[in-house]
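The values are calculated or read from the model by the stated rules, or taken from the named source; none is laboratory data. Being a predicted model, the structure only gives us computed values, none of them experimental. Glycine gets a Cβ as well: all are built from the backbone with ideal geometry, and neighbour counts include every protein chain shown.
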């Protein structure tokens with residue numbers, strides 16, 4: 001059996017193992033553990049798509065909260081029934097035709113991603129006229145503009161009241177299915193000629209241009225793909241928590257995603273996945289320090305907010321001792337495992 005065929009078999013086995021675990025938790029897991037797993041899946045989708053721009057293209061983009069908000073509101077408005085919309089929009093009625101439209105959850109996710117990608121296309125022309133810190137400030141500004149518009153557009157987003165009572169469509173199959181799909185598409189893109197061009201732009205843009213690479217075209221493609229999956233992730237998030245408002249989509253959401261990709265390793269899809277898992281699981285695991293602990297000889301009172309202090313300390317230690325993140329630019333590969341097994345087999349065959 002060739003190595004490529006072996007890797008294909010291993011990928012299929014890994015997917016079967018993943019979905020077996022999901023089936024077990026979906027059937028026997030507590031709502032708390034299912035919620036954590038759903039958060040992991042959604043943040044994997046958001047982190048991997050965000051890392052495509054920040055990590056592989058080397059562009060400091062600080063506006064994913066805008067795309068997540070657009071996807072969340074678009075998906076939510078499409079899945080709500082006309083009666084639910086009337087009950088939510090009590091101050092000012094929802095504008096037509098959104099007031100009468102209703103779509104299946106799957107279609108609403110696609111529409112949320114398309115709406116986010118369309119917004120990304122419109123802002124890409126002023127965004128990519130600048131580089132470095134200026135680009136970060138511009139994208140940060142657009143993110144705040146979208147949040148303010150969500151707060152002010154009473155006839156579209158219901159303003160500060162937000163949308164409540166959404167149907168909890170998001171489950172383990174949706175969140176992890178989208179996460180796996182995002183991973184496959186991003187990995188294939190990164191390993192293609194387009195991905196190599198993106199890395200060339202990140203490492204040396206003038207040299208990439210001299211070799212015939214069009215920076216705007218490649219950055220635009222990465223920007224649109226990232227915005228699409230951020231919009232889809234926003235739809236999943238909205239139908240998981242079932243209540244959204246403009247306060248959910250502040251810069252703090254972008255900051256969390258930035259922490260995930262930096263800790264995992266900018267320019268590493270594997271690192272983005274690990275960062276998302278650690279962020280979603282670690283934040284809950286550290287809740288133990290906020291509850292009273294009996295050590296036998298003394299009882300320590302719970303300190304509210306202490307888990308965020310410990311989370312910040314862990315983050316600083318990772319940045320100090322692993323400046324390129326957990327993975328750096330490295331990726332998980334079956335080749336490393338297969339090479340180890342081959343060397344072990346060769347050593348055993350030696351007389």
*asked:* Please verify whether residue 241 is within 23 Å of residue 308 (Cβ to Cβ), modelled with pLDDT of 90 or more and out of contact with any helix residue (DSSP H, G or I) (no Cβ under 7 Å at 6 or more places or on another chain), treating the condition exactly as stated.
replied: yes
*Would a scan of the stretch 105-126 turn up a residue that is out of contact with any helix residue (DSSP H, G or I) (no Cβ under 6 Å at 6 or more places or on another chain), surrounded by fewer than 19 Cβ atoms within 10 Å (Cβ to Cβ) and not in a helix (DSSP H, G or I)?*
no
*Does residue 124 meet the test of being farther than 20 Å from residue 78 by Cα and under 21 Å from the mean Cα position of the chain (by Cα)?*
yes
*asked:* Just to confirm my filter: which helices (runs of 4 or more DSSP H) fall fully inside the stretch 138-244 and include at least 1 residues that are under 30 Å from residue 21 (Cβ atoms)?
replied: 172-190, 193-203, 215-241
*Verdict on residue 338 being more than 22 Å from residue 67 (Cβ to Cβ), out of contact with any strand residue (DSSP E or B) (no Cβ under 7 Å at 6 or more places or on another chain) and either surrounded by fewer than 15 Cβ atoms within 10 Å (Cβ to Cβ) or modelled with pLDDT under 80 (or both)*: yes
*For residue 38, state whether it is part of a helix (DSSP H, G or I), more than 28 Å from residue 173 (Cβ to Cβ) and in contact with a helix residue (DSSP H, G or I) (Cβ under 7 Å, 6 or more places away or on another chain).*
no
*Scan the stretch 275-282 and give yes if some residue there is surrounded by fewer than 24 Cβ atoms within 10 Å (Cβ to Cβ), without any contact (Cβ under 8 Å) to a residue 12 or more places away in the chain, within 17 Å of residue 36 (Cβ to Cβ) and more than 12 Å from the chain's Cα centre (by Cα), otherwise no.*
no
*May I ask you to verify whether residue 108 is within 13 Å of residue 239 (Cβ to Cβ) and touching a strand residue (DSSP E or B) at 6+ places or on another chain (Cβ under 8 Å)?*
no
_Going by what's in this entry, would residue 167 be described as closer than 27 Å to residue 107 by Cβ, modelled with pLDDT under 95 and surrounded by 23 or more Cβ atoms within 10 Å (Cβ to Cβ)?_
no
*asked:* Given the criterion at pLDDT below 90, surrounded by 15 or more Cβ atoms within 10 Å (Cβ to Cβ), assigned to a helix (DSSP H, G or I) and within 15 Å of the chain's Cα centre (by Cα), identify the matching residue among 71, 55.
replied: 55
*For the stretch 74-97, which residues satisfy the criterion of being loosely packed, with under 15 Cβ neighbours inside 10 Å and either in contact with a strand residue (DSSP E or B) (Cβ under 6 Å, 6 or more places away or on another chain) or part of a loop (DSSP other than H, G, I, E, B) (or both)?*
81, 90, 91, 92, 93, 95, 96, 97
*If residue 251 satisfies every condition in (1) crowded, with 17+ Cβ neighbours inside 10 Å; (2) touching a residue at least 24 places away in the same chain (Cβ under 8 Å) but one, which is the exception?*
(1)
*When you go through 195, 165, 141, 132 one by one, which is the residue that is under 30 Å from residue 30 (Cβ atoms) and out of contact with any strand residue (DSSP E or B) (no Cβ under 7 Å at 6 or more places or on another chain)?*
165
*Of all residues in the stretch 224-250, which are more than 14 Å from the chain's Cα centre (by Cα) and closer than 29 Å to residue 200 by Cα?*
224
*Would you point out which residue out of 138, 130, 100, 148 is surrounded by fewer than 15 Cβ atoms within 10 Å (Cβ to Cβ), more than 20 Å from the chain's Cα centre (by Cα) and closer than 20 Å to residue 218 by Cα?*
130
*asked:* Take the conditions assigned to a helix (DSSP H, G or I) and either modelled with pLDDT under 90 or crowded, with 20+ Cβ neighbours inside 10 Å (or both) and apply them to residue 44. Does it pass?
replied: yes
